[in-house]
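Undergrad: Mind having a look at this structure? Questions to follow.
The values are calculated or read from the model by the stated rules, or taken from the named source; none is laboratory data. Remember, predicted model here, so these are calculated numbers, not experimental data. Don't worry about glycine lacking a Cβ; one is built from the backbone with ideal geometry, like all the others, and counts go over all protein chains shown. Heavy atoms of the whole protein, side chains included, go into the accessibility calculation; ligands, DNA and RNA do not. Shrake-Rupley method; radii C 1.70, N 1.55, O 1.52, S 1.80 Å.
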Amino acid sequence: MEVAMAEAYLELLKAFNFTEMQAWIAVISAFLFTSNLLGGILSALFFANSSQLQPRPLKERISFRLFLFSEIILWVFVFFYHVFMIEEIILAHLVYWISATMMLPLLAIIGSQVMYVVFSGRMKAKEAELKRRQSAVREQRRKAMEDAPAEHPAPKHPMPKHGH
């Protein structure tokens, strides 16, 4: 089955008019696609099994950092391939590389969403606990505002306005 998939991918590369270094393109693409999918899976797994109730900001997630790193690797390879190896770029190549660029973050998102579905019970429990804590904090703030005296009472004699 792996051989058939590899042959199908090489045929796809031929359709995009890649005639040189097809194996390298296939290996680099497969590695980057797989690493982004796994990055999304790992990011969601870490969140599902952590004590955090809110996901980390995007910039701090493994999947985002891996995505940026893989984009850099991809475009360094594209530059090397087209400048030093075949010394040209055609529209079909550009379409392939832009598609690959867009697939990297999508694969990271797909990987994380699959894990969110697999661990949906944990995710719903985390969401419910987060909402419960947020409403408790809001209730404490509301009570504190009601119980606290006014910090600045209104002046007994208002200041005269200038010019009247």
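Undergrad: I'd like the Karplus ³J(HN,Hα) series for the range 106-119: coefficients 6.51, -1.76, 1.60, θ = phi - 60°, whole numbers in Hz, and an x wherever there's a Gly or Pro.
TA: With coefficients 6.51, -1.76 and 1.60, one gets 5, 5, 5, 5, 4, x, 5, 5, 4, 5, 5, 5, 4, 9 Hz.
Undergrad: Taking only protein heavy atoms into account and a 1.4 Å probe, give the accessible area per residue of the chain in Å².
TA: Working: 12110 Å² over 164 residues.
Heavy-atom SASA per residue in the chain reads 74 Å².
Undergrad: About its Cα centre, how strong a charge dipole does the range 1-99 have in debye, to the nearest 20, once Lys and Arg get +1 and Asp and Glu get -1 at the Cβ?
TA: Rounded to the nearest 20 debye, it is 580 debye.
Undergrad: Using θ = phi - 60° and the Karplus form 6.51 cos²θ - 1.76 cosθ + 1.60, what ³J(HN,Hα) does each residue of the range 97-104 get, whole Hz, x for Gly and Pro?
TA: 5, 5, 4, 4, 4, 6, 6, 4
Undergrad: Show me the three semi-axes of the equivalent ellipsoid for the chain, from the C-alpha gyration tensor (sqrt of 5 times each eigenvalue), largest first, rounded to whole Å.
TA: Result for the chain: semi-axes of 55, 25, 11 Å.
Undergrad: Work from the charge dipole of the range 1-113 (Cβ charges, +1 for Lys and Arg, -1 for Asp and Glu, about the Cα centre) and give the residue of Phe77, Leu58, Met103 farthest towards its positive end.
TA: Checking the options against the dipole of the range 1-113, the answer is Leu58.
Undergrad: Got a sec to turn the phi values of the range 124-140 into Karplus ³J(HN,Hα) couplings, 6.51 cos²θ - 1.76 cosθ + 1.60 with θ = phi - 60°, whole Hz, x for Gly and Pro?
TA: With coefficients 6.51, -1.76 and 1.60, one gets 5, 5, 5, 5, 5, 5, 4, 5, 5, 5, 5, 5, 5, 5, 4, 5, 4 Hz.
Undergrad: Charges on Cβ only, +1 for Lys and Arg, -1 for Asp and Glu, centred on the Cα centroid of the chain; of Ala144, Leu91, Met123, which one is farthest towards the dipole's positive end?
TA: Ala144
Undergrad: So for the chain, if I pair up every lysine 8 or more residues apart or on another chain, how many of those pairs have alpha-carbons under 30 Å apart?
TA: Final tally of qualifying lysine pairs is 7.
Undergrad: Using packing as a proxy for protection, rank 28-36, 46-54 so that the peptide with the highest average count of other Cβ atoms within 10 Å comes first.
TA: 28-36, 46-54
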